[in-house]
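Colleague: Structure provided below as structure tokens; questions to follow.
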Amino acid sequence: MNKSYRTRQQLLDELQKRTSRMMEAEETLRAIRSGEVDGLVVSTEEGDRVFTLSGADHPYRIMVETMNEGAVTLASDGTILFCNQRFADILKGSLEKVMGSSIYRYISSIDLQLFEVLAEQGLEGKCKMELALQTGGENPAPVLLSVSSLQTTDMPGAMCMVVTDLTEQKRNEEILAEEKLTTQILHQAAEIFVLCDHQGRIIRASHSANKLFGRSPLFQMFDEAFHLLYPDGTPVLLLSTIIDKHPHAVEVIFTQGDHKSLFFLLSANSLITQKGVIGIVVVMVDITERKNMEKALQKAHNELEQKVEERTRELWTALAEIKTMKDQLEAENIYFREETRIRGRFDNIIGQSDGLKYVLYRAEQVAPMNTTVLILGETGTGKDMIAAAIHDMSPRKERPLITVNCAALPANLIESELFGREKGAFTGADARRVGRFEIANGSTLCLDEIGELPLELQAKLLRVIQHNEFERLGSSHTVKVDVRIIATTNRDLEEEVTKGRFRQDLYYRLNIFPITIPPLRQRKDDIPLMVQAFIERYSRKLGKQIMSIQKQTMKALQDYSWPGNVRELESIIERAAILCTGQVLQLADKLETSSPPLSAAVRTLEETERSHILKILSETRWRIEGKDGAAAVLGLHPSTLRARMQKRGIVRAGTKKPD
């Protein structure tokens, strides 16, 4: 009968028979072990097999049970007729469960064909082969199988198999390979590798360490062997350093017997197990050549600075003599400073004051990025020109800068202007219109005077900045854009947030990289350059030959407070040029020299410089010199940075300020 159509009762009867056979086999196995019987009955596909042990076979049974290899007798179908305890241990199973099971249960599908070849060759003669047996544990067991035919008349095709566990051997081979690789690395590495025990005693050292001493430093205390010093002369104590923290690339000094000093970067780490610290690994990289080059470069730099200083004094002396001769030759002292403008990227921005240079430096820093920029400054300081300069230096410069004056548009039209509208979105919207955000896709959008933006539109603007998407008026379709935002304002946005007129979350989103333009009253050195530029511009425009301006007139312009800043200065020069009848410019208006108090929203140049230096020092962990030091980030020489820190009273917290 086909097994697929057997009744439930038939299945129960068969299960009962198999259970009875199993119980009998287990009872027989226990009897054999206790010495009560000399035979074993095992069910196979060919029927039950009875294996007996005569009294003379007992010594062999004892030998098989006590040997270190696994011993297995297999039927022709792979049933395990007999095995010793060692084989069950290799499989991580009980002897009762292993005996009577199929050997194929422990052969992986990958090794199945290999095992069949082994069995076939084993029947013809003894054959050995390595493979892995599936065990009751997590990992398979690597073994060496030795198979030979079992010469019995009643069981054709039966085999004997001896199983040698190779787990320990494989583990030792891996350890030896790792040891060989480690030894090779320690021998060939240019760096100094040292392995210490938990007390700081050297138990392993690289060949480079031996070359340093001319002998092996093994079994010496690390501190006693190396005698390392920090650059300030403090001794390096390895155990104390490891307890505090794991040093990484710390500069240390090693002095050889001939008093020649070598410089190293030292890194150390503890080897920690459940038992605690069992060792310390120290790596030292020789940087002596680099230090010598730095000293040579510093010396050459100092010599160059000295020559420049001497030459500068000579030039100043010559300049004073020229000025004296000029004053003697001129009956009326006409003052004009030669035009000096920042060339290249800032052709339209006139000036050379420190305040303007710092603004342009900040603009150059952020221009290549895609960062949102907030430009702060009083009315007329040229915020739009700085925004245009940032765009012209950015990767988006091939597309035009799009500008929206938030103060010039009525509140009910700003949303349509920014985001566009669909036809019929509101009364009078007789055509579909694309907004400035879509026009600026792939370019830069300048939101001029963003402090004037209505509060109800600020939430929608925040969403565009955060997610680069919006909907046109009258449409539910989401438009994706790639727009860089530059915002300008003459308002104190922090105060506007406090008064509830500007969203705090939008302010934080805009204030990622603020640039504050100093007012003209803080840039008096730029006024002569601007005056000269405006005179040339309006002389050409009006067809006049205005050649100079009196010194007292220029002084009056520099003493004026300029509440309208550059825009007011340009208007005054244009008006004076219109009314000028000769070659010397005369002002048409009398300027009041009283200066209003500075706006609280605009910091002085000194405050701005001090804040920026402190920020960079904090980011570089107060490291001044080196590739990643604050001086390199700021583009200054280390000695120049130290001089500015002293001038601005910048001292690291916890450091005593010099008297």
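The values are calculated or read from the model by the stated rules, or taken from the named source; none is laboratory data. Just so we're clear, the structure is a prediction, and the values are computed from it rather than from any experiment. Note that we place each Cβ from the backbone using ideal geometry, even for glycine, and neighbour counts take in every protein chain shown.
Colleague: Hey, does the range 529-547 have a residue that's outside the structural domain of Leu447 (by TED's automatic domain parsing), crowded, with 17+ Cβ neighbours inside 10 Å and not in a helix (DSSP H, G or I)?
Modeller: Yes, the range 529-547 contains a residue that is outside the structural domain of Leu447 (by TED's automatic domain parsing), crowded, with 17+ Cβ neighbours inside 10 Å and not in a helix (DSSP H, G or I).
Colleague: Considering each residue of the range 559-591, count those that are surrounded by 19 or more Cβ atoms within 10 Å (Cβ to Cβ) and over 18 Å from Gln522 (Cβ atoms), and give that number.
Modeller: The total comes to 6.
Colleague: Using the structure shown, decide if Phe502 is in a helix (DSSP H, G or I) and surrounded by 14 or more Cβ atoms within 10 Å (Cβ to Cβ).
Modeller: Details: in a helix (DSSP H, G or I): no; surrounded by 14 or more Cβ atoms within 10 Å (Cβ to Cβ): yes.
No.
Colleague: Please determine, by comparing only the residues of the range 326-346 that are surrounded by 10 or more Cβ atoms within 10 Å (Cβ to Cβ) and assigned to a helix (DSSP H, G or I), which one is modelled with the highest pLDDT.
Modeller: Lys326
Colleague: Could you check the range 459-489 and list, in sequence order, the residues that are touching a residue at least 40 places away in the same chain (Cβ under 8 Å), over 26 Å from Thr381 (Cβ atoms) and in a strand (DSSP E or B)?
Modeller: Phe470, Glu471, Leu473, Val479
Colleague: Residues that are modelled with pLDDT of 90 or more and under 30 Å from Leu520 (Cα atoms): which helices (runs of 4 or more DSSP H) entirely in the range 366-458 hold 2 or more of them?
Modeller: The qualifying helices (runs of 4 or more DSSP H) are 383-392.
Colleague: Then there's this: Please state which one of Phe82, Phe87 is part of a helix (DSSP H, G or I), aromatic (Phe, Trp, Tyr) and either over 23 Å from Thr167 (Cα atoms) or in contact (Cβ under 8 Å) with a residue 40 or more places away in the chain (or both).
Modeller: Answer to the selection: Phe87.
Colleague: Additional query: Since Thr478 meets every condition but one in (1) of a type in the set (Val, Ile, Thr); (2) outside the structural domain of Arg362 (by TED's automatic domain parsing); (3) at pLDDT below 90; (4) closer than 25 Å to Asn441 by Cβ, which condition does it not meet?
Modeller: (2) is the only condition that Thr478 fails.
Colleague: Further question: Of all residues in the range 498-511, which are of a type outside the set (Lys, Arg) and modelled with pLDDT of 90 or more? I'd like the intermediate steps shown before the answer.
Modeller: Pass one, the range 498-511, residues of a type outside the set (Lys, Arg): 498, 500, 502, 504-508, 510-511.
Phe502, Gln504, Asp505, Leu506, Tyr507, Tyr508, Leu510, Asn511, listed by residue number.
Colleague: Let me ask something additional. Within the group Phe263, Phe222, Phe226, which residue is under 22 Å from Pro638 (Cβ atoms) and either buried (at least 17 other Cβ atoms within 10 Å of the Cβ) or touching a residue at least 24 places away in the same chain (Cβ under 8 Å) (or both)?
Modeller: It is Phe263.
Colleague: Pull up the range 266-295, narrow it to residues that are without any contact (Cβ under 8 Å) to a residue 12 or more places away in the chain and among the aliphatic types (A, V, I, L, M), then point me to the one that is farthest from Ser208 (Cα to Cα).
Modeller: Ile272
Colleague: Of the conditions (1) buried (at least 17 other Cβ atoms within 10 Å of the Cβ); (2) touching a Lys or Arg at 6+ places or on another chain (Cβ under 9 Å); (3) not in a loop (DSSP other than H, G, I, E, B), Ala556 fails just one. Which one is it?
Modeller: (1)
Colleague: Here's another thing I want to ask about it. Which one is nearest to Gly564 (Cα to Cα) among residues in the range 506-548 that are within 41 Å of the chain's Cα centre (by Cα) and hydroxyl-bearing (Ser, Thr, Tyr)?
Modeller: Step by step, filter the range 506-548, then rank; the result is Thr516.
Colleague: Provide a single number: the residues in the range 120-164 that are assigned to a strand (DSSP E or B) and of a type in the set (Val, Ile, Thr).
Modeller: Total satisfying the criteria: 5.
Colleague: On the basis of being farther than 23 Å from Pro518 by Cβ and at pLDDT below 80, does Pro658 make the cut?
Modeller: In short, yes.
Colleague: Tell me yes or no: at least one residue of the range 198-218 is of a type in the set (Phe, Trp, Tyr) and modelled with pLDDT of 85 or more.
Modeller: In the first step, residues of the range 198-218 are kept if they are of a type in the set (Phe, Trp, Tyr); the result is 213.
From what's left, modelled with pLDDT of 85 or more: none.
Within the range 198-218 (the criterion being of a type in the set (Phe, Trp, Tyr) and modelled with pLDDT of 85 or more), the answer is no, since none of the residues qualifies.
Colleague: Only residues in the range 534-553 that are at pLDDT below 90 count as the first member; pair them with residues that are surrounded by 13 or more Cβ atoms within 10 Å (Cβ to Cβ) and small (Gly, Ala, Ser), Cβ under 7 angstrom, at least 6 apart or cross-chain, and list the lot.
Modeller: Listed by first residue and then by second, the contacts come to Ile535/Ala577; Tyr538/Ala577; Ser539/Ala577; Leu542/Ala577; Lys544/Ala577; Gln545/Ser539; Ile546/Ser539; Ile546/Ala577.
Colleague: Take the range 477-512 and flag every residue that is closer than 22 Å to Phe419 by Cα and among the small types (Gly, Ala, Ser).
Modeller: Ala487
Colleague: Pairs under 7 Å by beta carbon, first residue over 11 Å from Ile650 (Cα atoms) and outside any loop (DSSP other than H, G, I, E, B) in the range 611-630, partner at pLDDT 80 or above and not hydrophobic (A, V, I, L, M, F, W, C), six or more apart or different chains?
Modeller: Once the first residue is over 11 Å from Ile650 (Cα atoms) and outside any loop (DSSP other than H, G, I, E, B) and sits in the range 611-630, its partners that are at pLDDT 80 or above and not hydrophobic (A, V, I, L, M, F, W, C) give Ala630/Thr620; Ala630/Arg623.
Colleague: Then there's this: Only one residue in Thr241, Thr255 is more than 30 Å from Lys180 (Cα to Cα), touching a residue at least 12 places away in the same chain (Cβ under 8 Å) and surrounded by 15 or more Cβ atoms within 10 Å (Cβ to Cβ), so which one is that?
Modeller: None of the others qualify; the one that does is Thr241.
Colleague: Oh, and also: Out of everything in the range 123-157 that is closer than 23 Å to Gly93 by Cα and among the small types (Gly, Ala, Ser), what residue ends up being surrounded by the most Cβ atoms within 10 Å (Cβ to Cβ)?
Modeller: Ala141
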